[in-house]
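Some notes on the structure that comes next.
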Amino acid sequence: MWWISVKLARRNIFRNKRRTIIAATAISIGLTALIFMDALMIGMQETLVRTATASFLGEAQIHREGFRDKQEASLTIQALDEVTRSLAEEPTVQHFTQRVLVSGMITSPANVSAINLIGVHPPTEKFLSLIDDAITEGVYFEADNSRDVIIGAKLAEILEVGLGDRVVVTVSQAKTGELSQEMFRVSGIYYFPDEGMNSGMAFIRIQKAQEMIAIGSDVHEIAIKFTSIAYTQDSTLPFWKTYSQHGNEALSWTELMPQLTVVLQMTTYSKYIVGVILFGVVVFGIINTLFMSLYERMFEFGVLRAVGTRPLGMARVVLFEAGALAMVSIGLGVILGFLVTALLAHTGIDYTGIEMMGVTMQELIRPVMTVGQFIVYPIWVFAFTLIAGLYPARHVAKMAPVDAMRRSF
Amino acid sequence: MEQTQKTDVIVTEDVTKVYAANGIPVNALNGIDLTIESGEFTALVGPSGSGKTTFLNIISGLDSPTEGKVWLAGKALSEMSGNELSDFRRDNIGFIFQAYNLIPVLTVEENVEYIMLLAGVPKAERHERVLTMLETVGLKGVANRTPTQLSGGQQQRVAIARAMVSEPTIILADEPTANLDSKTGADLLEMMRHLNSETGMTFIFSTHDPMVMERARRLITLRDGRIDPDETR
């Protein structure tokens, strides 16, 4: 009996080819959309995280406890030598760099602007930020000149300065609070799509920054890049505990940029919501198709019931038809999903310049395909198709043969 | 009626069927008492709306009477569950429809063997019985064709083969010649009469066709839901 039900379902699916093709295309487009949307979300999340961490933040940072809230220049990292030595031997750490961070003022003959002055160690900084790649004019700390300053294009515009022009930077010293002023020459101008980075930051060598605020060889921040970004979301990693000692705190980007974590959670929820909507469309498409097919063959179902097919046998025929339709649709959807996603992963989707919760997209978003997308979603579509088929199957099973065959005797 | 006679295939007792047409009750059958014995070749005749369809639906268990009882092969249909009725129809009733109503996606062989599949007849036996039956109805060599590749007369022969292959107690035929030309209709009627004589299977026709009426050994006329008259020849 199973054999004949399968045979009936398979052949009935191809009985009205046009309808089957339309229905299967609709369902497969739903599946394609699910696969593509998942791939896009992964691509978007990865790009967001990469943009946020690679531009300047790093994947993790170590600070003195309280520094992030108070931004006091005196709150430098404790036991710096021990921390630095340990980081150099840490197997999970690929690169790290030290920074000095202080608020200050930059003045040109034409204008003045508040800035975050950042002292960097150029050889290691280039592994943690994209400043060197973003230079549009001049160079990135090439010569050994302690008076080089690199500023953003917007800040250069505000100050009305260009390469080689002189600017004066004023900061407060860490312990005494006395003002410290130094003259610098603009040696490089960078451009980032992020407005804040363009207009509010100035980079000098770390030794000069330490000298200006009188903190000796101390630093405020160590930015870290792991061997795998997955470590950033692993709260059980011993790293966090090891480097959260001596009054310091080691934090992942997820804690440093909680708003981005929220965005990522939101994208996951939106994925579920869109998924539910798409599945809803698919389910109603299936129910509609099955009912159209069913009403077209009502008399035939009546005949099958009349000659002795039990109600459950009738339901089985309809469910098998739903299954056959799902198989055809899944085949189409997987192929279509692969092609669409692969194409857009190759070309990329241009969201550059668009800011999302403080992160400005700086690269193309490329959808990321995973094996799971081509297993999980087809299984879901198959299961939902069968679930959707239960309603028409129940309808057929409960149908009185005489009603179906009203036109017979 | 407590028990049917051994040779009584169908017994109806005071069968009444009332339909609600737009809320107005319509009596399709008015207290039909009828006995049909095994081996009969009976035609149920009457004008449209006389209750032939309703009566066939009720005696085949496809519909239930508003009042009264039906016994088929000694069993009261009203006492059976849905599954029992399905199994009972499968084992005891063969249907022949006016429009053949073969399953278009199945081949001739699959159409004919469908009922045996439901009954769990082994594959080899099914195949043998289908071929024998197709030969009996004059359709040797068409087992692998689909119904759409056959003429109307051939399709009705397949329908007859499907109805008879499981050797049911009774064959119910609804206007079996209505869609056929005179010659094909006459040939099929002769064939069914021959099968009736050979196998002793009971045939009940619902018909307007004079050819069927001529060949029937019993003519039951229905008028306004009542038998008027019941003639045996």
note = Computed curve, chain A, Cα-only Debye sum without solvent term, log₁₀ I(q)/I(0) at 0.11 Å⁻¹, is -0.84
note = Listing B:175, A:321, A:249, A:296 by rising number of other beta-carbon atoms within 10 angstrom, fewest first, gives A:296, A:249, B:175, A:321
inquiry  = With the crude spin-label approximation of a point 7 Å out along Cα→Cβ, what separation in nm comes out for residue B:182 versus residue B:64?
reply    = 4.6 nm
task = Run the quick spin-label model on residue A:400 and residue A:376: label points 7 Å from Cα toward the beta carbon, then report their separation in nm to one decimal.
result = 4.8 nm
ask   = So in the protein assembly as shown, what percent of DSSP beta bridges are antiparallel if you round to the nearest 5?
value = 70 percent
query = Tell me, what is the FRET efficiency for residue A:312 and residue A:153 to the nearest 0.05, using R0 = 51 angstrom and their Cβ-Cβ distance as r?
reply = 0.10
inquiry  = Report the Rg/Rh value for the stretch B:146-187, based on alpha-carbon coordinates and the Kirkwood definition of Rh.
reply    = 0.98
request  = At 0.36 nm per residue, minus the direct Cα-Cα distance, what do residue A:146 and residue A:112 gain on full extension? Give it in nm, one decimal, please.
outcome  = 10.1 nm
query = With charges set only on the Cβ (+1 for Lys and Arg, -1 for Asp and Glu), what does the dipole of chain B come to about its Cα centre, in debye to the nearest 20?
reply = 480 debye
task = Could you work out how far apart the two model spin labels at residue A:79 and residue A:245 are, taking each label as a point 7 Å from the Cα in the direction of the beta carbon, and quote it in nm?
result = 0.4 nm
query = the stretch A:66-246: D in µm²/s via Stokes-Einstein (Kirkwood Rh, Cα pairs, 10 °C, 1.306 mPa s)?
reply = 93 µm²/s
Sum of -39500 (n - 2.57) over DSSP H runs of 4+, divided by residues of chain A (222 nm, nearest 500) = -17000 deg cm²/dmol
task = Multiply the residue gap between residue A:185 and residue A:363 by 0.36 nm, knock off their C-alpha separation, and tell me the result in nm, one decimal place.
result = 61.0 nm
task = Would you work out which of A:29, A:315, B:31 lies farthest towards the positive end of the dipole of the protein assembly as shown, given +1 charges on the beta-carbon of Lys and Arg and -1 on that of Asp and Glu, about the Cα centre?
result = B:31
query = What is the local net charge at residue A:9, summed over the other residues whose Cβ is closer than 9 Å to its Cβ (Lys, Arg +1; Asp, Glu -1)?
reply = +3
query = Out of A:101, A:173, A:230, whose Cα points farthest toward the positive end of the dipole of the stretch A:66-246 (charges: +1 Lys, Arg; -1 Asp, Glu; placed on Cβ)?
reply = A:173
key: Value in Å of the Kirkwood radius, where the stretch B:8-232 supplies the Cα pairs that are averaged   = 18.0 Å
request  = Choose one answer from B:173, B:20, B:76: the residue with the largest mean-square fluctuation in a GNM of chain B with alpha-carbon springs under 10 Å.
outcome  = B:20
ask   = For residue A:391 and residue A:70, what is the calculated FRET efficiency with R₀ set at 45 Å and r taken between the beta-carbons, to the nearest 0.05?
value = 0.10
ask   = Quick one: Cα centre-to-centre distance for the stretch B:29-95 and the stretch B:104-159, in angstrom?
value = 26 Å
message = Among B:121, B:189, B:107, whose Cα projects farthest towards the positive end of the dipole of chain B, with charges put on the beta-carbon of Lys, Arg (+1) and Asp, Glu (-1)?
response = B:107
note = For residue A:127, placing the label point 7 angstrom along Cα-to-beta-carbon and taking the stretch A:61-89, residues whose amide nitrogen sits under 18 Å are A:61-62, A:81-89
task = Counting only C-alpha contacts under 8 Å and six or more residues apart, can you give the relative contact order of chain B as a whole percent?
result = 29 percent
query = Taking chain A as a Gaussian network, Cα atoms linked when under 10 Å apart, which of A:306, A:54, A:134 shows the biggest mean-square fluctuation?
reply = A:306
remark   = From fewest to most C-beta neighbours within 10 Å, the residues B:78, A:172, A:329 line up as B:78, A:172, A:329
inquiry  = Let me check I've understood the local charge: for residue A:230, count other residues with C-beta under 14 angstrom from its C-beta, Lys and Arg +1, Asp and Glu -1. What total comes out?
reply    = -1
key: Net dipole in debye of the protein assembly as shown [+1 Lys, Arg Cβ; -1 Asp, Glu Cβ; about Cα centre; nearest 20]   = 2080 debye
message = Give the average, rounded to an integer, of partner chain Cβ atoms located within 10 angstrom of each Cβ in B:78-87.
response = 3
Net +/- balance of residues flanking residue B:222 in space, Cβ distance below 15 Å, scoring K and R +1, D and E -1 = -2
query = Restricting attention to the stretch A:112-179, which trypsin sites (Lys or Arg not before Pro) occupy a DSSP loop and are surrounded by at most 16 other Cβ atoms within 10 Å?
reply = A:147, A:175
key: Residues listed by number, the stretch A:215-231, amide nitrogen under 20 Å from residue A:178 label point at 7 Å toward C-beta   = A:215-218
inquiry  = Between residue B:7 and residue B:83, what is 0.36 nm times their sequence separation minus the Cα-Cα distance? Round to one decimal in nm.
reply    = 24.8 nm
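Every number here is computed from the coordinates shown, using simple stated rules; none is lab data. These figures come from a predicted structure and were not determined experimentally. FYI the Cβ positions are ideal-geometry reconstructions off the backbone, even for glycines, and counts take in every protein chain you see.
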